[in-house]
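Quick notes on the structure that follows.
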Amino acid sequence: MQNIIDTHMHIFDLNQFRVLWLEDTDTLDKPIVLKDYLKAVSTNSEYKVIGCEHVELDTIEEQKKAENDYFVSVVNDSDTLVSGITIYAPMESNDLDSFLTPYVNEPNVKGVRYILHVPSAKKGTCLQPQFIENVKLLGSYNLIFEACLRAEELDDFYELAKKCPETEFVLNHMGLFDMQNIDDALYVEKFKKDISDISKLDNVSVKVSGLSSSCVSEIEGLVNHTFDSFGEDRIMFASNYPVCTLNLSFDDWTRAMLSICEGRSQIFKDKFFYLNAIKIYKMKGIKND
């Protein structure tokens, strides 16, 4: 049985929080809580989810701090499967330090995510001087910066990570490759080059997720390119549950990843599926029996 740490999942407790982008998706615009996740990950005897990293929800502006505080309480519950959290922080603010103060001594707060793939975030947002200084500040607090940005702007991410060598980065969803372009040779070539370039920066790791397909023959080229570019020590399994359910189930995605990894060594599989997550997120108390 393969142990798994899911490095990207969400609890959409819509009884407490409003998430505007969910309101356009009937299947997600409802409370989807931890018990639903636990049910989704327990459908197969070939693997066992032993922990997970909860990632911020992008709630409405006035609820962002309340969201952070709520998930601090969730991850600090010793009985929960949630092993770490990635919170929101206003990365364009000139007073980020004040916002971070309540969280920097919380051991289960592992990093910060700031979404850059929305229309309001123009190309080059992450390369503005204040943004760069704030990313450097995260590094001084030993907090990871998680980047979720358009595939077309991976060159921006490369420049940001290069300018902030003391900060650890995690590229979300393998760079958000758009599966609608899977037959566009130029798009695929550019994406692969960007992934290769980014992988040369030692302070960047990547979550393999977000491809909106579990067809192995369709996605294995992209996944294996990411594996081979980053190497076995900077790759992590992620589901993006429940957003992934717009296209596939947790089990669909996990089976696809197990299939793609089938010819790899057991240590490669263990690193990808859970050991790297423990190392990169500095997770404690994981039971991997």
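Before moving on, here are some points about what is shown:
- Taken about its Cα centre, segment 9-143 carries a charge dipole of roughly 360 debye when the Cβ of each Lys and Arg holds +1 and the Cβ of each Asp and Glu holds -1.
- Scattering from segment 100-187 was approximated by placing one identical point on each alpha carbon and applying the Debye formula without solvent; log10 I(q)/I(0) at 0.17, 0.19 1/Å stands at -0.73, -0.87.
- Centroid-to-centroid separation of segment 228-244 and segment 186-223 [C-alpha atoms, Å]: 10 Å
- Column: log10 I(q)/I(0), Debye, Cα scatterers of segment 1-128, q = 0.11, 0.15 Å⁻¹: -0.44, -0.79
- The peptide list 58-68, 190-200, put in order of mean Cβ contacts within 10 Å with the highest first, becomes 190-200, 58-68.
- The chain - percent relative contact order, Cα under 8 Å, separation 6 or more: 19 percent
- For segment 11-83 and segment 93-115, distance of Cα centres in Å: 19 Å
- Label-point gap, in nm, between residue 73 and residue 101 - each point 7 angstrom along Cα→Cβ: 2.2 nm
- Taking only the C-alpha atoms of the chain, Rg followed by Dmax gives 17.7, 49 Å.
- Bridging of residue 123 to lysines at a Cα separation below 24 Å is possible for 64, 136, 162, 163, 190, 192, 193, 200, 207, once same-chain residues fewer than 8 apart are set aside.
- Among 109, 33, 118: highest mean-square fluctuation, GNM of the chain, C-alpha pairs under 10 Å: 118
- With 5 Å bins from 0: P(r) over segment 183-269, alpha-carbon pairs, percent: 2, 14, 24, 24, 21, 13, 2
- Ellipticity estimate at 222 nm from DSSP helix runs (n ≥ 4, -39,500 (n - 2.57)) divided over the chain, nearest 500: -9500 deg cm²/dmol
- Computed about the Cα centre, the dipole magnitude for the chain is approximately 700 debye when only Lys and Arg (+1) and Asp and Glu (-1) carry charge, each at its Cβ.
- 37 °C / 0.692 mPa s Stokes-Einstein diffusion coefficient of segment 55-155, Kirkwood radius on C-alpha pairs, µm²/s: 231 µm²/s
Every read-out reported here was derived from the displayed coordinates using simple, explicitly stated rules and does not represent laboratory data. Every value quoted in this text rests on a predicted model; they were computed, and no experiment measured them. With ideal geometry, Cβ positions are generated from the backbone for all residues, glycine too; neighbour counts draw on all protein chains shown.
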